[in-house]
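Computed from the coordinates by the stated procedures, all read-outs in this text should not be read as laboratory data. Keep in mind that what you see is a predicted model, and the values were worked out from it rather than measured. All Cβ positions, glycine included, derive from the backbone under ideal geometry; neighbour counts span all protein chains shown.
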Amino acid sequence: MIPAPRTRFILRLKFVLLFVVLLGAISCSSGISGNTEEQGDEWQTLFNGKDIDDWIVKIHHHEVGDNYAQTFRVKDGGVLQVNYDDYETFDNRYGHLFYKEPFSSYHLTWEYRFTDQWLEDAPDYTYRNSGIMFHSQAPNTILKEQDWPISVEFQLLAGAEDGNPRPTGNMCSPGTEVFYKGEMDPRHCINSSSDTYEWDQWVRADMIVLKDSLVTHLINGDTVLQYTRPQIGGDVANDFDPAIKQDGKLLKEGYIALQSEGQGIEFRDIRIKKLD
């Protein structure tokens, strides 16, 4: 028996409504959401706003754990600060503050702004320049006179008041290499497409890392750079243990570190969400 036209319409309507309900249920159960802030239960706070007990310091010319002149310190209001008040000279004391455990696939988010401190005996390129290192070698494998950890860097820049663009969220590669637009890129740093921001402006940065495949940089919510296949190789890092630098080895995991290189900077709201 063939249903009447009105009956067929009602059946079709019921089917469409059922399909929409099922699709919504599948999306919810899969955790699909365009707003990561809604998924608060999955986020882990890396900086507690009180101390750096969960972090490990390594500064060039110093042993692991020596926070020379309190380079990394906590400021009132829950800010983690790179501060040079107690320095007489910089003396190439490139420093890195490592979180205590490594990560593999994750979404990392933080906010930063520069301060008006800059040590004039630091190299010119360090002016309003800092970064977040990731997929880094472990801090206890970095030698005393090693300047940079073998890692990939999410570079942070601010305007230098000369009118020239200075995008932030760039990629730099001490002792590493990446594929950009499908090819191995020989450049030490690859610029992002971000705007130029003032030095004292709080900027939100995000990084989505999928093991040794895709890395995405975001600034204030916008994707500004993507590249693939981070791996050990290239130059820039010096005086490392040769056993650590295995050129061509894909980087599937590693440590995250905040950088100090002669320019004052503040960090806050540092959180991470592990991804499958």
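Pull up the cross-link candidates among the aspartates and glutamates for Lys181, meaning alpha carbon to alpha carbon under 16 Å and not fewer than 8 places away within one chain.
Counting by Cα, and skipping residues close in sequence, Lys181 has these aspartates and glutamates nearby: Asp212.
Mind giving me the FRET efficiency for Tyr125 and Lys252? R0 is 25 Å, r the Cβ-Cβ distance, nearest 0.05 is fine.
With R0 = 25 Å, the Cβ-Cβ based efficiency is 0.25.
Once the Cα atoms of helix 5-29 and of the chain are each reduced to a long axis, what angle between those two axes, in degrees from 0 to 90 to the nearest 10, is obtained?
20 degrees
Compute the signed sum of charges (Lys and Arg +1, Asp and Glu -1) over the other residues within less than 13 Å, Cβ to Cβ, of Cys172.
-4
Give me the distance in nm between label points sitting 7 Å out from Cα along the Cα-to-Cβ direction at Gln44 and Asp235, one decimal.
Placing both labels 7 Å along Cα→Cβ, they lie 3.7 nm apart.
What ranking of Phe47, Phe179, Phe90 emerges when the number of other C-beta atoms within 10 Å of each C-beta is taken as an exposure proxy, fewest first?
Phe179, Phe90, Phe47
Pull out a ≥ b ≥ c, the square roots of the eigenvalues of the alpha-carbon gyration tensor of the stretch 116-159, then state rounded if a/c is under 1.5, prolate if not and a/b is larger than b/c, and oblate in the remaining case.
Oblate, since a/c reaches 1.5 and b/c is not below a/b.
Mind checking which aspartates and glutamates have their C-alpha under 13 Å from Lys211, skipping anything on the same chain fewer than 8 residues away?
Candidates past the 8-residue exclusion: Glu253, Asp276.
What list of ³J(HN,Hα) couplings, whole Hz, do you get for the stretch 96-104 from phi and the Karplus terms 6.51, -1.76, 1.60, once you set θ to phi - 60° and write x for glycine and proline?
9, 10, 9, 5, 5, 9, x, 9, 10
With the cut-off at 1.5 for a/c, could you classify the stretch 47-205 from its C-alpha gyration tensor as rounded, prolate or oblate?
Since a/c stays below 1.5, the shape of the stretch 47-205 is classed as rounded.
Among Gln263, Gln201, Gln231, which one shows the highest mean-square fluctuation when the chain is modelled as a Gaussian network with alpha-carbon springs under 10 Å?
Checking each option, the largest mean-square fluctuation is seen for Gln201.
How high is the relative contact order of the chain, given as a whole-number percent (alpha carbon pairs under 8 Å, six or more residues apart)?
Relative contact order for the chain comes out at 27 percent.
Students often forget the sequence filter, so: which lysines lie under 23 Å Cα-Cα from Lys144 once same-chain residues fewer than 8 apart are removed?
Once the sequence-local lysines are set aside, what remains near Lys144 is Lys58, Lys100, Lys245.
Would you calculate, for the chain, the mean residue ellipticity at 222 nm contributed by helices, counting each DSSP H stretch of 4 or more residues as -39,500 (n - 2.57) and dividing by all residues, to the nearest 500?
Using -39500 (n - 2.57) per qualifying helix, the result is -3000 deg cm²/dmol.
Mind checking which of Gly131, Gly182, Val203 is farthest towards the positive end of the chain's charge dipole, using Cβ charges of +1 (Lys, Arg) and -1 (Asp, Glu) about the Cα centre?
Checked the options; the winner is Gly182.
Compute a Gaussian network model of the chain, connecting alpha carbons closer than 10 Å, and tell me which residue from Tyr99, Tyr112, Tyr180 fluctuates the most.
Of Tyr99, Tyr112, Tyr180, the Gaussian network model singles out Tyr180 as fluctuating most.
Compute a Gaussian network model of the chain, connecting alpha carbons closer than 10 Å, and tell me which residue from Gly77, Gly264, Gly254 fluctuates the most.
Gly77
Take the Cβ-Cβ distance between Asp54 and Glu183 as r, set R0 to 35 Å, and report the resulting FRET efficiency rounded to the nearest 0.05.
E between Asp54 and Glu183, to the nearest 0.05, is 0.35.
So how strong a dipole does the stretch 42-274 carry about its Cα centre when Lys and Arg Cβ are +1 and Asp and Glu Cβ are -1, to the nearest 20 debye?
1020 debye
Ala257: net charge of surrounding residues, Cβ under 13 Å, Lys/Arg +1, Asp/Glu -1, itself excluded?
It works out to a net charge of -2.
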